[in-house]
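Just below is one structure, and these are the notes that go with it.
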Amino acid sequence: MIIGLTGTPGTGKTSVCRILEGRGYRVIHMNDLIKNEHLYSEVDEERDTVVADMDRVLSRVCELVGDDESVTILDSHMSHYIADIVIVLRTAPSELKKRLEARNYSDPKVQENVEAECLDVILVESVEWCQLVYEVDTTGRGADDVAEDVERIISGVLSGDDTLVYSQYKPGSFDWSEEIF
Ligand SMILES: Nc1ncnc2c1ncn2[C@@H]1O[C@H](COP(=O)(O)OP(=O)(O)O)[C@@H](O)[C@H]1O
């Protein structure tokens with residue numbers, strides 16, 4: 001079973017995935033895979049990124065997962081294009097801005113990502129593309145705490161009855177639309 005951990009850059013996907021890897025979960029760091037295996041069609045120099053070739057990414061992820069029915073977590077802000085079940089990490093814009101600045105992102109890149117978070121871009125895409133979407137707030141919380149929530153959701157999904165976790169992590173809980181700076 002593939003579970004996507006998605007969210008705007010800086011919401012803490014990789015930090016959470018590293019914790020989960022330490023707890024025995026299998027994780028595919030999709031952005032590394034795309035870069036290392038050249039699964040992209042273009043290099044966007046201006047935005048310092050690559051344009052992924054999602055057909056090739058999908059087939060490579062399927063190849064790596066193979067017949068393994070245990071959980072594989074896909075770490076990427078594009079994992080919702082591949083997985084049917086996704087967990088969207090969310091961070092209040094003011095905190096996200098600080099995290100991205102601390103990462104030395106350029107001002108336009110900080111602005112672009114914070115605006116995307118304010119406008120729920122990844123959440124909206126996830127709801128459009130995926131069968132099951134959960135949302136976890138990371139604001140003011142450590143990655144360990146967030147990892148606990150992610151594990152709770154995975155357990156709910158695996159149990160076959162996600163009613164309780166769905167009520168706790170239902171998507172659409174934030175309105176940061178007024179916070180665009
Ligand atoms: N829950 C959190 N609270 C505070 N800072 C965090 C949290 N999760 C991640 N960070 C910090 O934010 C930055 C981005 O985290 P990262 O896990 O790389 O995010 P992503 O994979 O979503 O881009 C890192 O500097 C990390 O240490």
Residues being touching a strand residue (DSSP E or B) at 6+ places or on another chain (Cβ under 8 Å) and more than 10 Å from the ligand (Cβ to nearest atom) - total across region 138-155: 4
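Tell me the residue from GLY24, GLY10 that is at pLDDT 95 or above, under 27 Å from ASP144 (Cβ atoms), away from the ligand (no atom under 15 Å from the Cβ) and not in a strand (DSSP E or B), please.
Numbers: GLY10 fails: away from the ligand (no atom under 15 Å from the Cβ).
After applying the criteria, what remains is GLY24.
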Count of region 135-181 residues which are touching a residue at least 24 places away in the same chain (Cβ under 8 Å), hydroxyl-bearing (Ser, Thr, Tyr) and in contact with a helix residue (DSSP H, G or I) (Cβ under 9 Å, 6 or more places away or on another chain): 5
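Would you check which residues across region 27-49 are charged (D, E, K, R) and part of a strand (DSSP E or B) and list them? If you could, list the steps in order and put the result at the bottom.
Keep residues of region 27-49 that are charged (D, E, K, R), which gives 32, 35, 37, 42, 44-48.
Once the filter is applied, which keeps residues that are charged (D, E, K, R) and part of a strand (DSSP E or B), region 27-49 yields GLU42, ASP44.
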Residues within region 74-89 that are open to solvent by 20 Å² or more (accessible area, probe 1.4 Å) and either acidic (Asp, Glu) or without any contact (Cβ under 8 Å) to a residue 12 or more places away in the chain (or both), tallied: 1
Cross-chain or 6+ apart pairs with Cβ under 6 Å, region 16-27 first and hydroxyl-bearing (Ser, Thr, Tyr), then assigned to a strand (DSSP E or B): TYR25/ILE73
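The values are calculated or read from the model by the stated rules, or taken from the named source; none is laboratory data. The model shown is predicted, which means the values in this text are computed figures rather than measured ones. Please note: Cβ atoms are built from the backbone with ideal geometry, for glycine as well, and neighbour counts cover all protein chains shown. Accessible surface areas use protein heavy atoms only, side chains included; no ligands, DNA or RNA. Shrake-Rupley method; radii C 1.70, N 1.55, O 1.52, S 1.80 Å.
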